[in-house]
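The values are calculated or read from the model by the stated rules, or taken from the named source; none is laboratory data. Because the structure is a prediction, the values reported are computed rather than measured. Virtual Cβ from ideal backbone geometry, glycine too; neighbours counted across all protein chains shown.
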Amino acid sequence: MNGSGNESLAEFAARHGLTQSAARPSLRKYVQELWQRRTFIWNFATAKTASTYSGSQLGQLWQVLTPLLNAGVYYLIFGVLVGTSKGIHNYTAFLITGVFVFTFTQRSLTAGAKAIGGNLSLIRALHFPRASLVFANVLMELQQLLISMVVLVVIVLLTGEMPTLTWLLIPPLLMLQLLFNVGISLAIARLGAFVRDIQQLLPFITRTWLYFSGVFFLIPQMAAKFDHKGYPWVGKILEANPGAVYIELMRSCLIGDVSKFPINHGLLWTYAVLWAVVAFIGGFWYFYRAEERYGRG
Amino acid sequence: MANSLKEKTSLAGAQPEVVIDPAREPIVVVDGLHIVYRVYGAGSKGSAASALMRIVKRQNRPQMKEVHAVKGVSFVAYRGDAIGVVGTNGSGKSTLLAAIAGLLPPARGGVYTDGQPSLLGVNAALMKDLTGSRNIILGCLAMGLTQEETKAKYDEIVKFADLKPGFIDYPMSTYSSGMGARLRFAIAAARTHDVMLIDEALATGDAKFKRRSKAKIDELRQDAGAVFLVAHNLDVIEETCNRVIWLDDGRMKMDGDPEEVLAAYTKATGK
């Protein structure tokens, strides 16, 4: 504007290499910065976990008790009262595996929606890649899942299963689910940062998803039923649902064949990899595109 | 926006002309900056039925108001500057700082900086449900310090924040506002920032802390950055700053030596 001579202030700034405050870094630099913050991500996750349970008498023991109580409630209702267990071998292990695996995705989503809004004072005070908050949240949930997995393995052994070689497939499977969860959390974090109403809506979305993901029933059985009625596409959609994919694979790794219905392992693993890659890359890109706008007025 | 344009042309004389000093290296350039932000919930009745009707009729929230907080401010800050910003309540001081930090998008004009400015505000806790010591570690790591650097700086930060014994292991929600502000200042000052923006953070400290924070700000200035300081306490500004900007109703009234500007400001506000 009214700079000296003919040079405007903007040109003067450009000549000295000054840049617009709060411009988004390049994707490459963003990933680098994120990698630099890996100790921050780890520390943030552990600190948040510790503080979550600091108010209760039993402290972090709740990390074991919560999944146990959850499993107990679902077993009581669906195993004993409703009796959905027809034709399913070891229904207890079947059900609890489903609940634990789905809870990982569900909790990552819920935490993701609050990742920006819940940390505003940190975001407004310090400059760092905002995606680290989402990564930390998912890491927290992973830690919780690993504890749940120990509980699960004990339950599986107690209900009469024997360890097999397929148990070795569990870590890579969890890796894929982790990638998928990070991806969808990043996407929901961007939505939640600008539309706060998402948080009110999310419980209904995740609950609907839970009922569609074959936590309580057999997907192949359901698919066969719709095949019979002349709607084969319903079964195809149910099978491709990422919630169901990770649950089914975990079950077949841990328990083996749960019913007389055959499972197409090759197809399920393809789905698992595809969902993980698509969700992670898509979610990261979507979150990154709004990086400079998080936490603003 | 048409409104703001008219306002701007009619007040072209209000902004003192910016004279560029070619001998010094600029670090922040603010060019004809306008900030307009939206306030929600002003005078709202907010019943569920009225909210539904609004969505059905596709109206904007009626209680949303636009506040034109900064109206065409221009200046250049150079390396080594410590700039005090004065003005009455609601004159746009905090908004200007938030804009320099990149937290508020400019409606018109622009802010150009070298590096990423960091804003220290009055809301003191970084993460209020975590302990002070966790906040120190997380704050340092978030700023990009390595784990070793964080460990090396830890004692210095604790010493500088000068909390009551034992409080470092309590959640920050139990801190008084002064303690929180001190700890946050100590964390932010552990790293050299290119541009540091301090919003009333020092006002909450006692005399001893003010003295030490002044020394810290001097140190930060020597490390070739710029410091912006908003305070109502003019003594703090006079002692700390080498330049003062006076904002009045979102416009720049004066920009110059502390003595001169503060004298005029004191006279105008009748303090």
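Residues in the range A:163-201 that are of a type in the set (D, E, K, R) and either touching a residue at least 40 places away in the same chain (Cβ under 8 Å) or crowded, with 16+ Cβ neighbours inside 10 Å (or both): A:Arg190, A:Arg196.
If you check A:Trp269, A:Trp233, which single one turns out to be aromatic (Phe, Trp, Tyr) and more than 14 Å from A:Ala223 (Cα to Cα)?
On the way: A:Trp233 fails: more than 14 Å from A:Ala223 (Cα to Cα).
Result: A:Trp269 is the single residue among A:Trp269, A:Trp233 that is aromatic (Phe, Trp, Tyr) and more than 14 Å from A:Ala223 (Cα to Cα).
Name the one entry in A:Phe217, A:Phe261 that is farther than 30 Å from B:Gly102 by Cα and either free of Cβ contacts under 8 Å to residues at least 60 places away in the same chain or within 14 Å of chain B (Cβ to nearest Cβ) (or both).
Numbers: A:Phe217 fails: either free of Cβ contacts under 8 Å to residues at least 60 places away in the same chain or within 14 Å of chain B (Cβ to nearest Cβ) (or both).
Result of the check over A:Phe217, A:Phe261: A:Phe261.
Apart from one condition, A:Glu33 fits all of (1) free of Cβ contacts under 8 Å to residues at least 60 places away in the same chain; (2) within 14 Å of chain B (Cβ to nearest Cβ); (3) surrounded by fewer than 17 Cβ atoms within 10 Å (Cβ to Cβ); the exception is (1).
Looking at B:Ala101, B:Ala152, which one is more than 13 Å from the chain's Cα centre (by Cα) and of a type in the set (A, V, I, L, M, F, W, C)? Walk me through how you get there before you give the answer.
Values: B:Ala101 fails: more than 13 Å from the chain's Cα centre (by Cα).
One residue alone meets the criteria, B:Ala152.
Report yes if some residue within the range A:74-93 is within 20 Å of the chain's Cα centre (by Cα), touching a residue at least 60 places away in the same chain (Cβ under 8 Å) and not in a loop (DSSP other than H, G, I, E, B); otherwise report no. No, the range A:74-93 contains no residue that is within 20 Å of the chain's Cα centre (by Cα), touching a residue at least 60 places away in the same chain (Cβ under 8 Å) and not in a loop (DSSP other than H, G, I, E, B). Checking each residue in the range B:29-54 for being surrounded by 10 or more Cβ atoms within 10 Å (Cβ to Cβ), at pLDDT below 75 and either assigned to a strand (DSSP E or B) or of a type outside the set (S, T, N, Q) (or both) picks out B:Arg38, B:Val39, B:Gly41, B:Ala42, B:Gly46, B:Ala51, B:Met53, B:Arg54. The condition (being within 8 Å of chain A (Cβ to nearest Cβ), modelled with pLDDT under 85 and in a strand (DSSP E or B)) is satisfied by just one residue among B:Leu126, B:Leu119: B:Leu119.
For (1) of a type outside the set (Asp, Glu); (2) crowded, with 21+ Cβ neighbours inside 10 Å; (3) touching a strand residue (DSSP E or B) at 6+ places or on another chain (Cβ under 7 Å), each residue gets a yes or a no:
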{"residue": "B:Leu183", "(1), (2), (3)": "yes, yes, no"}
{"residue": "B:Ala188", "(1), (2), (3)": "yes, yes, yes"}
{"residue": "B:Asp199", "(1), (2), (3)": "no, yes, yes"}
{"residue": "B:Glu238", "(1), (2), (3)": "no, no, no"}
{"residue": "B:Lys253", "(1), (2), (3)": "yes, no, yes"}
{"residue": "B:Glu260", "(1), (2), (3)": "no, no, no"}
{"residue": "B:Lys267", "(1), (2), (3)": "yes, no, no"}
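No other residue among B:Lys164, B:Lys210 is of a type in the set (D, E, K, R), over 20 Å from A:His127 (Cα atoms) and in a helix (DSSP H, G or I) apart from B:Lys210. Residue count for the range A:102-135 under the criterion of being touching a residue at least 24 places away in the same chain (Cβ under 8 Å) and within 28 Å of B:Ile100 (Cβ to Cβ): the result is 13. Residue check: A:Pro25 meets all listed conditions (1) closer than 30 Å to B:Pro106 by Cα; (2) at the interface with chain B (Cβ under 8 Å from one of its Cβ atoms) but one, namely (2).
Close Cβ contacts (under 8 Å, 6 or more residues apart or on different chains) running from residues in the range A:151-162 that are farther than 19 Å from A:Val64 by Cα and modelled with pLDDT under 85 to residues that are of a type in the set (A, V, I, L, M) and not in a helix (DSSP H, G or I) comprise A:Glu161/A:Ile255. When the range B:116-166 is limited to residues that are basic (Lys, Arg) and under 17 Å from B:Ser177 (Cα atoms), the one that is surrounded by the most Cβ atoms within 10 Å (Cβ to Cβ) turns out to be B:Lys128.
In the condition set (1) outside any helix (DSSP H, G or I); (2) without any contact (Cβ under 8 Å) to a residue 40 or more places away in the chain, A:Met222 is compliant with all but (1).
Restricting attention to the range B:95-115 and to residues that are outside any strand (DSSP E or B) and surrounded by fewer than 19 Cβ atoms within 10 Å (Cβ to Cβ), the residue that is nearest to the other protein chains (Cβ to nearest Cβ) turns out to be B:Pro105.
Based on what the data block shows, is B:Asp169 farther than 30 Å from B:Pro258 by Cβ, touching a strand residue (DSSP E or B) at 6+ places or on another chain (Cβ under 6 Å) and more than 8 Å from chain A (Cβ to nearest Cβ)? First the steps, then the outcome.
Details: farther than 30 Å from B:Pro258 by Cβ: yes; touching a strand residue (DSSP E or B) at 6+ places or on another chain (Cβ under 6 Å): yes; more than 8 Å from chain A (Cβ to nearest Cβ): yes.
Spelling it out, B:Asp169 is indeed farther than 30 Å from B:Pro258 by Cβ, touching a strand residue (DSSP E or B) at 6+ places or on another chain (Cβ under 6 Å) and more than 8 Å from chain A (Cβ to nearest Cβ).
When A:Thr97, A:Thr49, A:Thr39, A:Thr19 are checked against the criterion of being within 25 Å of the chain's Cα centre (by Cα), β-branched (Val, Ile, Thr) and facing another protein chain (nearest Cβ under 10 Å), a single residue qualifies: A:Thr39.
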